[in-house]
Amino acid sequence: MKKSVVTALILATAPLTVALSAYAADVAANWGEHCAKCHGEDGKGQTKMGKKLGIRDLTDAAVQAKFTDEQALKAMKEGVKDEKGKQTMKPIEGLSDAEIKALCAHVRSLKK
Ligand code: HEC
């Protein structure tokens, strides 16, 4: 390959790498900001709020198997109510669809 072609390729892919790492940082930041106070940084739900609300351990494969991606997305968009109809997880506000989808993928990645 010609040197100029290689240079062009490097220049063309550099923004992609930057975009991908920015994306990863955003998901982690969004999780930390919007989810961790209940679900915990590690997703185990061992927070003060998590214990109070009886949040399940999202790192547990059995727990992950109990909801679909659609349900996870719905939980984020519409919130979750307990059996008495009390809202225990509020709908997430101020995040785009893409960010919510990324959080869904993040939730899945917590599984051990
Ligand atoms: C105010 C506390 C609270 C916050 C903040 C919160 N959750 Fe939840 N979440 C809950 C409770 C309570 C449940 C229901 C009990 C359970 O499934 O463990 C739940 C359930 C879920 C479920 C399972 C849904 C299902 O259908 O079983 C997912 C996925 C989830 N949360 C993701 C998130 C994500 C992602 C965020 C951040 C954007 C978030 N939660 C923020 C309290 C919270």
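Taken together, the values in this text are just the output of simple stated rules run on the coordinates, not laboratory data. These numbers were taken from a predicted model, which means no experiment stands behind them. As a convention, Cβ positions derive from the backbone with ideal geometry for all residues, glycine included, and neighbour counts pool all protein chains shown.
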Could you tell me how many degrees, from 0 to 90 and to the nearest 10, lie between the Cα long axis of helix 69-78 and the main elongation axis, the longest principal axis, of the Cα atoms of the chain?
-> 70 degrees
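Please work out whether region 28-111 counts as rounded, prolate or oblate from its C-alpha gyration tensor, where a ≥ b ≥ c are the square roots of the eigenvalues and a/c under 1.5 means rounded, while otherwise a/b larger than b/c means prolate and anything else oblate?
Values: a/c = 1.23, a/b = 1.11, b/c = 1.12.
Judged from the Cα gyration tensor, region 28-111 comes out rounded (a/c under 1.5).
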Could you give me the ³J(HN,Hα) list for region 99-107, computed from phi with Karplus coefficients 6.51, -1.76, 1.60 and θ = phi - 60°, whole Hz, x at Gly and Pro?
-> 5, 5, 4, 5, 5, 4, 5, 5, 4
Ranked list, fewest to most other Cβ atoms within 10 Å of each Cβ, for S4, S109 = S4, S109
Amide H to amide H under 5 Å from V80: which residues, 5+ apart in sequence or cross-chain, H placed 1.01 Å off N in plane?
-> T88, M89, K90
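As a footprinting exposure proxy, order M1, M89 by other Cβ within 10 Å, with the fewest listed first. Write down the numbers at each step before the final one.
Values: M1 7, M89 18.
Going from least to most buried by this count: M1, M89.
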Please list, in chain and number order, the residues 5+ apart from F67 or on another chain whose amide H is under 5 Å from its amide H, with Hs placed from the backbone.
-> none
Among all the lysines, which ones have a C-alpha under 16 Å from K37's C-alpha, if same-chain residues fewer than 8 places away are not counted?
-> K48, K51, K52, K90
